[in-house]
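Data block below; observations after.
Coordinate-derived values only; no laboratory data. Since we're looking at a predicted model, the values are computed, not measured. Positions of Cβ are generated from backbone atoms using ideal geometry, with glycine treated the same way; all protein chains shown enter the neighbour counts.
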Amino acid sequence: MKKLMSMILVALLVLAMGSAAMAEEAWAGAVGKTYVVGTDTTFAPFEYENDEGVFTGIDIKIFDAVAAEMGFTIDWQILGFSASVTALEAGQVEAVMAGMSITEERMAKYDFADSYYGSATGVAVAKDSTAASLDDLKGKTVVAKTGTTGSQYAEEIAPAYELEVLYVESSSDMYTYIASGMADACFEDYPVVQYEIARGNVACKVINVSEASSPYGVATMKGTQPELVAAFNEGLKRLQENGTYDAILAEFFGE
Ligand code: GLN
């Protein structure tokens with residue numbers, strides 16, 4: 001009986017060690033590698049040039065910290081949102097981290113790592129605009145960033161509000177359109193436009209926030225980067241456990 005018990009114990013131990021080794025294997029292949037990662041140009045506080053001229057942000061700090069924790073490095077490519085996605089599909093970058101929303105449609109094409117944040121879409125108008133709701137935008141011209149969930153939201157409500165939707169490649173171009181009167185409203189992830197308003201960078205106000213909110217994730221082409229996805233997930237978990245994740249968010253959003 002005793003012998004049987006110890007045999008069962010040994011068997012359990014071997015099984016546990018085996019599954020630990022397998023879990024390790026999932027991300028072990030990422031160790032020592034350099035991954036080329038596409039990101040947006042002006043998407044504060046996730047990626048942007050700060051007042052000191054340093055390109056930084058929540059995305060940059062989280063992925064760099066994950067990489068340091070897990071033993072790989074990142075070669076950041078500051079391309080813009082839709083250019084990053086195009087580069088991913090062309091195999092020029094191995095991943096995109098650009099406040100990219102995990103949507104059902106995108107999940108059909110990309111493998112996303114675990115979500116590290118999330119947001120809804122804000123609709124912003126010039127600070128001195130009299131528009132106070134979507135109804136006030138009826139028949140107006142609005143601007144959105146190519147290929148984003150913000151542009152999707154604009155397209156969704158365009159028929160009902162008779163909106164003409166213009167497209168640009170960067171958030172800063174959207175704000176320029178508003179400032180110059182080329183568009184009456186822009187569609188941007190709510191925390192991003194709020195951050196720019198608070199920084200005094202854009203003279204806008206948010207008049208509407210979409211009901212739907214989506215989680216942000218790192219995207220890779222389906223089936224191509226399982227080690228990177230596993231390494232990100234493991235690294236993120238550790239950063240969340242050891243307080244680094246909270247410290248990075250606090251650095252940009254305040255305590
Ligand atoms: N979260 C939005 C999206 O995924 C916007 C991302 C961005 O503009 N960088 O489409």
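Comparing Cα centroids, segment 216-233 and segment 34-53 end up 19 angstrom apart. For the chain, the membrane-span-like helices by this rule, meaning whole DSSP H stretches whose C-alpha atoms cover at least 30 Å of axis and whose Kyte-Doolittle mean is 1.0 or above, are 2-28; this says nothing about an actual membrane.
Rounded, prolate or oblate: pick one for segment 128-188, where a ≥ b ≥ c are the square roots of the eigenvalues of its C-alpha gyration tensor, a/c under 1.5 means rounded, and failing that, prolate if a/b is larger than b/c, else oblate. Each step should come with its number before you reach the end.
Numbers: a/c = 1.97, a/b = 1.11, b/c = 1.78.
It is oblate, given that a/c is not under 1.5 and a/b is not larger than b/c.
Straight-line cross-link reach from residue 127 at under 15 Å between alpha-carbon atoms covers these aspartates and glutamates, not counting any fewer than eight positions away in the same chain: 136, 184, 196. Secondary structure note: in segment 79-200, about 40% of the DSSP beta bridges are antiparallel.
Among 197, 178, what is the fewest-to-most ranking by other Cβ atoms within 10 Å? Intermediate results must be reported in sequence, preceding the final value.
Working: 197 18, 178 22.
Fewest-to-most ranking of 197, 178: 197, 178.
Okay, which of segment 230-255 sit inside 17 Å, backbone N to the point 7 Å along the Cα-Cβ direction of residue 52? Counting backbone N atoms under 17 Å from the label point, the list is 248-254. Using only the Cα atoms of segment 84-152, build the gyration tensor, take square roots of its eigenvalues as a ≥ b ≥ c, and label the shape rounded, prolate or oblate: rounded if a/c is under 1.5, else prolate if a/b is larger than b/c, else oblate. The shape class here is prolate. The mean sequence separation of alpha-carbon pairs under 8 Å and at least six residues apart, normalised by the residue count of the chain, gives a relative contact order of 27 percent. Taking the charge dipole of segment 164-255 about its Cα centre, with +1 at Lys and Arg Cβ atoms and -1 at Asp and Glu Cβ atoms, the residue from 213, 232, 165 reaching farthest to the positive side is 232.
Note on residue 155 and residue 114: the model spin-label points, each 7 Å out from Cα along the C-beta direction, lie 3.2 nm apart. Summarising the strand pairing of the chain, around 60 percent of its internal DSSP beta bridges are antiparallel.
Taken along its principal axes, the alpha carbon cloud of the chain reaches lengths of 83, 41, 38 Å, longest axis first. With each label modelled as a point 7 angstrom along the Cα→C-beta vector, the residue 211-residue 104 pair spans 1.5 nm.
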